[in-house]
Each structure stands twice: as structure tokens, then as C-alpha cells.
Amino acid sequence: MAVPALVGLTVDAARATLDTVGLVLASGGAGDDRVTGQRPSPGTTVPRGSRVAVTVVSLVTVPDLAGLQVGEARARLKNVRLVLANEAANGRWIRSQNPPPRTRVDTGTAVHVTLVPPSRWWLVGVCIALLLAGWWAIRAARLRSARKWVDEHVSVVAQPANTDLDLRAVDGDRPVASWAVRLDPYRDAGSQLLEEVHQ
């Protein structure tokens with residue numbers, strides 16, 4: 001009786017294959033471990049009921065990597081003896097993977113990932129910051145210009161208040177302030193009187 005080829009099958013599948021030809025699986029691991037070698041080799045003629053020894057590799061479950069950063073995914077794969085196939089810059093987020101999550105694969109299998117493309121929102125933020133900085137610069141320049149104009153065109157003269165003004169406090173007949181501030185524009189032929197009353 002010829003020994004069938006078992007390499008690549010799971011332990012359960014190898015056992016079933018040997019049972020159909022009247023042979024016995026001599027060794028093995030868990031049911032979903034994968035056969036990587038066998039003795040006697042495929043095609044060897046042996047008597048019915050002979051034992052066939054196999055070497056196996058343990059299968060591991062692929063973790064779900066979606067939403068993780070590359071560094072986190074690499075560490076999680078290392079914990080189950082898998083590797084990240086496409087090394088990429090740390091900090092990037094994973095969108096999808098192959099093999100998919102919860103797939104059983106050989107230890108050492110490389111897992112390919114697709115990364116989320118870099119965001120362009122930082123560029124919008126920079127543009128807004130530049131616009132705000134420009135607005136504040138223009139506003140500050142206008143304020144400086146207005147102050148300069150006042151300094152160049154307005155004089156402040158303190159003098160006794162007009163005695164003919166009848167200013168009374170709202171809450172009584174207390175006397176009004178004895179001094180007023182007069183603003184005189186340099187280039188204006190007229191004059192304006194600003195009277196500020198202090199109680």
C-alpha cells in the first residue's frame with residue numbers, strides 16, 4: 001500500500017487521509033496544526049496498518065489590526081509569532097490586513113497591511129493660522145497708525161471748567177468738577193470742547 005502525501009494538510013485531514021487507505025497516524029499535534037514533513041515519504045509501499053510519522057507546525061490566529069498604529073500592530077503580531085510584511089513609518093494607522101482577522105496560519109507568516117493615507121487637515125490648519133496672523137498684524141498696524149494720528153493732530157489742554165455750565169450730579173446737588181479737558185485738533189480751524197465731570 002502506497003503512503004499518501006500529507007504535507008500541507010492539517011493533522012485532522014492527514015489522519016482522515018491515512019484512515020481511508022488503512023494506515024495510522026503515529027504522531028501529530030492539535031487538529032488544526034499543519035503537517036510540514038512525513039516519514040515514510042509519499043509513494044513508499046508499506047503494509048496495511050503501518051504507522052506514518054509526521055512533523056507539524058502549530059497554527060496561530062491572526063489578530064485584528066484595523067485601527068492600530070504600525071508600532072502597536074507589530075508588537076501584537078510578535079506576541080503570536082507572526083511578522084508585519086510591509087514595514088512602514090510608525091504612527092500611521094492600519095485600514096485593512098491580509099490574511100484577515102481570526103484566520104489560522106503558520107507561525108512566522110507575514111501579515112500585509114494597508115495604511116490610512118496621511119491627512120491633509122494639517123494644511124488647512126496652517127492656512128487658517130496664517131490668515132489669523134495676517135489679520136492681527138493689519139489690526140495692530142491700524143491701531144498704531146490711529147495712535148500716531150492722535151499724537152500728531154490732537155493736543156490736550158487742561159483748564160478751569162466754564163463757570164456758566166450748569167452741570168449737576170444725577171443723585172443730588174453736589175458741586176461739579178473744577179477742571180475739564182479740552183481737545184483741539186491742530187489742523188482744524190474750529191475747536192471742540194470735551195468736558196468731563198468728576199464727582
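The values are calculated or read from the model by the stated rules, or taken from the named source; none is laboratory data. Computed from a prediction, not measured in an experiment: that's the story for all the values here. FYI the Cβ positions are ideal-geometry reconstructions off the backbone, even for glycines, and counts take in every protein chain you see.
Looking at D32 and the list (1) at pLDDT 90 or above; (2) touching a Ser or Thr at 6+ places or on another chain (Cβ under 9 Å); (3) part of a loop (DSSP other than H, G, I, E, B), which single condition is not satisfied?
Status for D32: all satisfied but (1).
With respect to the numbered conditions (1) without any contact (Cβ under 8 Å) to a residue 24 or more places away in the chain; (2) within 27 Å of R102 (Cβ to Cβ), which one is the sole condition not fulfilled by R39?
(2)
State which residue is surrounded by the most Cβ atoms within 10 Å (Cβ to Cβ) when the search covers only region 12-29 and only residues that are modelled with pLDDT of 90 or more and among the hydroxyl-bearing types (S, T, Y).
Top of the filtered list is T17.
All but one of (1) polar (S, T, N, Q); (2) assigned to a helix (DSSP H, G or I); (3) touching a helix residue (DSSP H, G or I) at 6+ places or on another chain (Cβ under 9 Å) hold for Q38; which doesn't?
Just one mismatch for Q38, condition (2).
Just one of (1) part of a loop (DSSP other than H, G, I, E, B); (2) assigned by TED's automatic domain parsing to the domain that holds G108 trips up R48, so point out which.
Single failed check for R48: (2).
Which one of these is surrounded by 13 or more Cβ atoms within 10 Å (Cβ to Cβ), under 36 Å from the mean Cα position of the chain (by Cα), at pLDDT 90 or above and basic (K, R): R39, R76?
R76
Here's the yes/no breakdown for (1) over 26 Å from the mean Cα position of the chain (by Cα); (2) at pLDDT below 80; (3) surrounded by 10 or more Cβ atoms within 10 Å (Cβ to Cβ); (4) within 30 Å of V62 (Cα to Cα):
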{"site": "R104", "(1), (2), (3), (4)": "yes, no, yes, yes"}
{"site": "L115", "(1), (2), (3), (4)": "no, no, yes, yes"}
{"site": "W121", "(1), (2), (3), (4)": "no, yes, no, no"}
{"site": "V124", "(1), (2), (3), (4)": "no, no, yes, no"}
{"site": "G134", "(1), (2), (3), (4)": "yes, no, yes, no"}
{"site": "L143", "(1), (2), (3), (4)": "yes, no, yes, no"}
{"site": "K148", "(1), (2), (3), (4)": "yes, yes, yes, no"}
{"site": "D151", "(1), (2), (3), (4)": "yes, yes, no, no"}
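Exactly one condition in (1) modelled with pLDDT under 75; (2) surrounded by fewer than 12 Cβ atoms within 10 Å (Cβ to Cβ) is not met by G108; state its number.
Every condition holds for G108 apart from (1).
Take the residues of region 51-73 that are part of a helix (DSSP H, G or I) and of a type outside the set (A, V, I, L, M, F, W, C): which is modelled with the highest pLDDT?
Going through the qualifying residues, I end up with E72.
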